[in-house]
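Everything below concerns the one structure shown next.
We did not get these values from a lab; they are worked out from the coordinates using the rules stated. Just so it is clear, the structure is predicted and the values come from calculations on it, not from any experiment. All Cβ positions, even for glycine, are placed from backbone atoms using ideal geometry, and neighbour counts span all protein chains on display.
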Amino acid sequence: MALVDSKKMFEMAYKNGYAIGGFNVNNMEITQGIVSAIAEEKAPLILQISRGARKYASMSYLRAIIDVAVAENPDIPIVMHLDHGDTFESCKQCVDDGFTSVMIDASKQPFEENIEVTKKVVEYAHANGVVVEAELGQLGGIEEDVVGVSTNDIHKHLTDPDQAVEFVEKTGCDSLAVACGTSHGAYKFKTEPKLAFDVIQRVAEMLPEFPLVMHGSSSVLKEFKDLINKYGGDMPDAMGVPEDAISQAAKMAVCKVNIDTDLRMALTAKIRQVFAEKPAEFDPRKYLGPGREAIKDMVAHKLHILGCAGKAAECMHSN
Ligand SMILES: [Zn+2]
């Protein structure tokens, strides 16, 4: 089976009240950890590649790793998605490279310019059978090249539901990342955050059956934060989005939830633990292996939070 786009997944996720995990990949171990959880839990999968990942690992290596994942899991629908494409050119490159889904994030540009570049990406992508995620509103935090507004200000930059309707109608995008109080990175909030479920609800009423996406939705799991800090790390103030809030959004119009920080923290926590407990160890397999296993367990847990465990079969394209 080849890579698929996300149309069928989002249709089923919307109808049946769950969300698909958009997991970022940067190397072999991260990909294997994610894919082994997906295979065991029989969940649909969106593997995301950022511009930073392309730079770090090179597209040809990432593509080869993903091709193996697809070949070894014929019963699992897998999407290869560009995370935060910033220009028409970066999106075009990924369409030409065989991605089945791309994101154009022009959310920092004025509304009309965001519409203009998104529309251009949609025209090119759709002509090549690729779906497009766009973004409207501003998230907080920082992740790789994506810098958001101050996390104190994120509620001032939420997606405007009226604008969302106009944006979707004018651009023809297939899904929309909304700013609803989430934030990129590991330092999302100073106090327990509240997601703006009213924004999600309002957009859902005005755009029925249209899939929404939540970025910056790692939870900064206590287990990994504690391990990192115990074994010489320095992330005392890290805080994420509570998992019950993620579950609630997944039951609504949110059909895709992006998770990267939790992957990074799982891998980092296990590597730190091995280094601290076995200082003589210098075989990379002995620390990357446990890291890969931690990613697998964490992803399996997330699939239940998102509600997409066991949903692979219904998300397969019938043709
Ligand atoms: Zn993002």
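Odds and ends about this structure:
- Considering only segment 133-290, percent of DSSP beta bridges that pair antiparallel, nearest 5: 15
- Stretchable slack from Thr87 to Lys55, in nm (0.36 nm times residue separation minus alpha-carbon distance): 9.9 nm
- The helix-only estimate of mean residue ellipticity at 222 nm for the chain, built from DSSP H runs of length n ≥ 4 each weighted as -39500 (n - 2.57), is -15000 deg cm²/dmol after division by the residue total.
- Taken one residue at a time, the phi angles of segment 187-193 give Karplus couplings (6.51, -1.76, 1.60, θ = phi - 60°) of 10, 6, 9, 9, 10, 3, x Hz. Gly and Pro are set to x.
- Share of Cα-Cα pairs in segment 136-293 lying beyond 29 Å, as whole percent: 28
- Charging the Cβ of each Asp and Glu at -1 and of each Lys and Arg at +1, and nothing else, the dipole of segment 90-188 about its Cα centre rounds to 120 debye.
- Net charge, Gly172 excluded, C-beta distance under 10 Å - Lys, Arg +1, Asp, Glu -1: -1
- Phi-based couplings in Hz for segment 234-250 (Karplus 6.51, -1.76, 1.60; Gly and Pro marked x): 9, 9, x, 9, 4, 8, x, 8, x, 5, 5, 5, 4, 4, 5, 4, 5
- Angle in degrees between helix 261-277 and the longest Cα principal axis of the chain, rounded to the nearest 10: 10
- Cross-linked pairs Lys190/Lys251; Lys119/Lys222; Lys190/Lys286; Lys188/Lys278; Lys92/Lys156: Cα-Cα separations exceed 30 Å for Lys119/Lys222; Lys190/Lys286; Lys188/Lys278; Lys92/Lys156.
- What separates the Cα centres of segment 265-301 and segment 11-66 is a distance of 19 Å.
- Using the Cβ-Cβ distance between Lys222 and Asn16 with R0 = 30 Å, the FRET efficiency computed as 1/(1 + (r/R0)^6) comes to roughly 0.50.
- Computed on the Cα atoms alone, the convex hull of segment 207-319 gives a volume of 121 cubic angstrom per residue.
- Dimensionless Rg ratio for segment 203-265, taking C-alpha atoms and the 2.2 N^0.38 Å reference: 1.39
- For segment 98-213, the fraction of C-alpha pairs farther apart than 26 angstrom is 19 percent.
- Judged by the ratio a/c of the largest to the smallest principal axis of the C-alpha gyration tensor, segment 92-147 counts as oblate, that ratio being 1.5 or greater while a/b is no larger than b/c.
- Most positive-pole-ward Cα, Ala134, Pro193, Thr31, against dipole of the chain from beta carbon charges: Thr31
- Segment 203-256 and segment 89-104 have Cα centres spaced 26 Å apart.
- Each 20 Å bin from 0 upward holds the following percent of the Cα-Cα pairs of the chain: 34, 60, 6.
- Top positive-direction residue, dipole computed over segment 8-165 with Cβ charges, set Ser107, Leu158, Ala19: Ala19
- Ellipsoid equivalent to segment 30-146 - semi-axes via the Cα gyration tensor, in Å: 26, 16, 13
- Radius of gyration, Dmax [segment 64-107; alpha carbons; angstrom]: 12.2, 37
- Relative contact order, whole percent, for the chain stands at 24, derived from Cα pairs under 8 Å and 6 or more residues apart.
- Trypsin sites (Lys or Arg not before Pro) within segment 147-199, DSSP loop, no more than 15 other Cβ atoms inside 10 Å: Lys190, Lys194
- Segment 243-319: GluC sites (Glu not before Pro) in DSSP coil with no more than 15 other Cβ atoms inside 10 Å: Glu281
- If R0 is 25 Å, the Cβ-Cβ spacing of Gln163 and Ile142 corresponds to a FRET efficiency of close to 0.55.
- Structural size metrics of segment 1-86, computed from C-alpha coordinates, are Rg and Dmax of 12.6, 37 Å.
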